[in-house]
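Worksheet for the structure shown next.
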Amino acid sequence: MNVLVINCGSSSLKYQLLDMNSEKLLVKGLCERIGIDGFLKHSAPSKNYEANVPMPDHEAAVKVVMDALIDKDHGVLTSMSEIHAIGHRVVHGGERFSDSVVITDEVEQAIEDCCDIAPLHNPPNLIGIRACKKIMPGVPQVGVFDTAFHATMPEKAYLYAIPYELYEKYKIRKYGFHGTSHKYVSTLAAEMLGKPYDQAKVVTCHLGNGASVCAVDKGRSIDTSMGFTPLEGLAMGTRSGDIDPAVIPFVMQKEDMTAQQVLDVLNKKSGMMGISCVSSDFRDLATAAEQGNKRAEASLEVFCYRVAQYVGSYAASMNGLDAVVFTAGIGENDSYVREKVCSYLGFLGLEIDTEKNKQRGQAMDFSKPDAKVRALAIPTNEELVIARDTKMALKG
Ligand code: ADP
């Protein structure tokens, strides 16, 4: 069974084709600059192919992907009929979806209803679904939601302390994101610990451009750092994370900005970029800090301090901790960030082997042999989770 995984953003479309009998990745790629001009990066086992291809809209991009998949030179299929199902990453499932589902007209409508609370993310996801439906009618499609894994959070974790009627009327509450990644790495962490998933207490740190921490207690998400939107929680590449909400009207007044403009600043010009004025990329920040740039150094300090604070508070939420897991671009690669975060957590029983920690890009336990709490780095694989869920949803 071949599953095409689609992750559709506002101007990009990432794809992977997996053979789900063997879970083997057949090909992956990326369409960039959709609606601008269009650029395809296609990585097949035998050949990497890159080209400027016009992509006036997402439907055109999906057609470009289909052509690339069946191309005689760099394709991996002989015809489109060899695509048996499509799995879509959908960012926000609201309170409606606690699991992956086959996309019907009703599900499509429910995803559309969530656009109100996820205006940046759900519309492009929906465009991707509709484009695939049009180009491949009859191929079953499944929605896999970033929020679904967090549906197990208890009320005390997801309720904001605001008038209850705002929750009732508008569903303003914590939802959490990166669920597929937190689920994947926490499952592998339990295996590495040699513990059944339903007995392990794990804090997972998904540290990429967007970043969140999750408390996974006995296989269930019981709390996570992102909230109503992916802006809450950790300081990120360009996002502020937690701030005092009173800052918003203050800046509006002082800088003569609208609420939307301040929100744009908090989403796109804050975080590491905002503090350092250098970059949102941790490699650039590390280089700048080494060269003596104090603000680059300060931004890294802020980032690591806040990750450690969340890990500590989630150890309290779970009344114990077996392991801390680092994943995504920064978590998998940045040994400085891992070491710095762990340096705050010795009181919990975390002790790392600094030599082992220098390795990157592979699953590893980089704790000292007798450390009570294990420090793990595990490469995430959200596409594999989406493909697995797609297969399961179609079986179920
Ligand atoms: P997203 O999927 O949220 O866009 P990723 O998980 O791909 O993000 O993470 C991207 C970030 O990972 C980059 O911005 C960079 O800061 C960081 N990163 C990637 N490779 C390295 C590396 N070798 N060392 C340090 N940081 C890295």
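Please count how many residues of region 234-251 are aliphatic (A, V, I, L, M) and surrounded by 21 or more Cβ atoms within 10 Å (Cβ to Cβ).
So the count comes out to 3.
Which one of these is exposed (fewer than 15 other Cβ atoms within 10 Å of the Cβ), of a type outside the set (A, V, I, L, M, F, W, C), under 19 Å from L26 (Cβ atoms) and free of Cβ contacts under 8 Å to residues at least 60 places away in the same chain: N52, N48?
Exactly one residue qualifies, and that residue is N48.
Quick one: in region 329-361, of everything that is basic (K, R) and within 13 Å of the ligand (Cβ to nearest atom), which residue is farthest from A211 (Cα to Cα)? Give the steps one after another, and end with the answer.
Keep residues of region 329-361 that are basic (K, R), which gives 338, 340, 356, 358, 360.
Within this subset, residues satisfying the condition of being within 13 Å of the ligand (Cβ to nearest atom) are 338, 340, 358, 360.
On the way: R338: 14, K340: 16, K358: 21, R360: 18 Å.
Selected residue: K358.
When you go through (1) farther than 19 Å from V3 by Cβ; (2) touching a Phe, Trp or Tyr at 6+ places or on another chain (Cβ under 8 Å) one by one for F39, which number turns out not to apply?
(2)
Check every one of the strands (runs of 3 or more DSSP E) wholly within region 1-72 and list those with 3 or more residues that are among the β-branched types (V, I, T).
Working: elements: 2-8, 13-19, 24-32, 39-43, 48-52.
Per the criteria, 2-8.
List, please: which pairs have Cβ atoms under 6 Å, are six or more places apart or on different chains, and start with a residue in region 152-163 that is in a helix (DSSP H, G or I) and end with one that is not aliphatic (A, V, I, L, M)?
Close Cβ pairs satisfying both conditions: T152/R220; T152/S221; A157/D223; Y158/R173; Y158/K174.
Among (1) more than 18 Å from the chain's Cα centre (by Cα); (2) closer than 19 Å to V3 by Cβ, where does K169 come up short?
Status for K169: all satisfied but (2).
All but one of (1) more than 19 Å from the chain's Cα centre (by Cα); (2) under 20 Å from M153 (Cβ atoms) hold for E290; state the number of the condition that does not hold.
Of (1) more than 19 Å from the chain's Cα centre (by Cα); (2) under 20 Å from M153 (Cβ atoms), only one is false for E290: (2).
Just name the residue that is farthest from Y184 (Cα to Cα) out of those in region 377-392 that are touching a Leu at 6+ places or on another chain (Cβ under 8 Å) and away from the ligand (no atom under 14 Å from the Cβ).
Here the answer is A387.
What is the one condition in (1) under 19 Å from A200 (Cα atoms); (2) under 20 Å from the mean Cα position of the chain (by Cα) that T390 does not satisfy?
Unmet condition: (1).
On the given criteria, is Y197 free of Cβ contacts under 8 Å to residues at least 24 places away in the same chain and out of contact with any helix residue (DSSP H, G or I) (no Cβ under 7 Å at 6 or more places or on another chain)?
On the way: free of Cβ contacts under 8 Å to residues at least 24 places away in the same chain: yes; out of contact with any helix residue (DSSP H, G or I) (no Cβ under 7 Å at 6 or more places or on another chain): no.
So Y197 does not fit the description; no.
I'd like to know if region 323-344 contains one or more residues that are aromatic (F, W, Y), over 20 Å from the mean Cα position of the chain (by Cα) and modelled with pLDDT of 95 or more. Please lay out each step first, then the result.
In the first step, residues of region 323-344 are kept if they are aromatic (F, W, Y); the result is 326, 336, 344.
Subsequent filtering for residues that are over 20 Å from the mean Cα position of the chain (by Cα) retains 336, 344.
Filter again for modelled with pLDDT of 95 or more, leaving 336, 344.
Within region 323-344 (the criterion being aromatic (F, W, Y), over 20 Å from the mean Cα position of the chain (by Cα) and modelled with pLDDT of 95 or more), the answer is yes, since at least one residue qualifies.
Consider V302 against the criteria (1) over 18 Å from the mean Cα position of the chain (by Cα); (2) among the aliphatic types (A, V, I, L, M); (3) buried (at least 22 other Cβ atoms within 10 Å of the Cβ): it satisfies all of them except one. Which criterion is unmet?
Of the numbered conditions (1) over 18 Å from the mean Cα position of the chain (by Cα); (2) among the aliphatic types (A, V, I, L, M); (3) buried (at least 22 other Cβ atoms within 10 Å of the Cβ), the odd one out for V302 is (3).
Return yes when I135 is crowded, with 19+ Cβ neighbours inside 10 Å and in contact with a helix residue (DSSP H, G or I) (Cβ under 7 Å, 6 or more places away or on another chain) and no when it is not.
No: the conditions fail for I135.
Would you say T187 is within 15 Å of the ligand (Cβ to nearest atom) and hydroxyl-bearing (S, T, Y)?
No; evaluated as a whole, the condition is false for this residue.
Within region 201-230, can you find the residues that are farther than 18 Å from A148 by Cα and within 14 Å of the ligand (Cβ to nearest atom)?
L207, G208, N209
Restricting attention to region 206-233, which residues are polar (S, T, N, Q) and buried (at least 20 other Cβ atoms within 10 Å of the Cβ)?
S212, S221, T224, S225
Any idea which residue in region 252-276 is surrounded by the most Cβ atoms within 10 Å (Cβ to Cβ), counting only those that are more than 16 Å from the ligand (Cβ to nearest atom) and farther than 16 Å from P119 by Cβ?
V265
Consider S317 carefully, then state whether it is within 12 Å of the ligand (Cβ to nearest atom), surrounded by fewer than 20 Cβ atoms within 10 Å (Cβ to Cβ) and either modelled with pLDDT of 95 or more or among the basic types (K, R) (or both). Write out each step before concluding.
Values: within 12 Å of the ligand (Cβ to nearest atom): no; surrounded by fewer than 20 Cβ atoms within 10 Å (Cβ to Cβ): yes; either modelled with pLDDT of 95 or more or among the basic types (K, R) (or both): yes.
So S317 does not fit the description; no.
Determine whether V185 is outside any helix (DSSP H, G or I) and surrounded by 22 or more Cβ atoms within 10 Å (Cβ to Cβ).
Spelling it out, it is not the case that V185 is outside any helix (DSSP H, G or I) and surrounded by 22 or more Cβ atoms within 10 Å (Cβ to Cβ).
Looking at R374, R306, R295, which one is basic (K, R), at pLDDT 95 or above, more than 12 Å from the ligand (Cβ to nearest atom) and not in a helix (DSSP H, G or I)?
R374
Search region 206-231 for residues that are closer than 28 Å to D264 by Cβ and pair each with any residue that is of a type in the set (D, E) when their beta-carbon atoms are under 7 Å apart and the residues are at least 6 apart or on different chains.
Between residues of region 206-231 that are closer than 28 Å to D264 by Cβ and residues that are of a type in the set (D, E), the close pairs are S225/E232; M226/E232.
The values are calculated or read from the model by the stated rules, or taken from the named source; none is laboratory data. Here the structure is a predicted model, which means the values were calculated and not measured. FYI the Cβ positions are ideal-geometry reconstructions off the backbone, even for glycines, and counts take in every protein chain you see.
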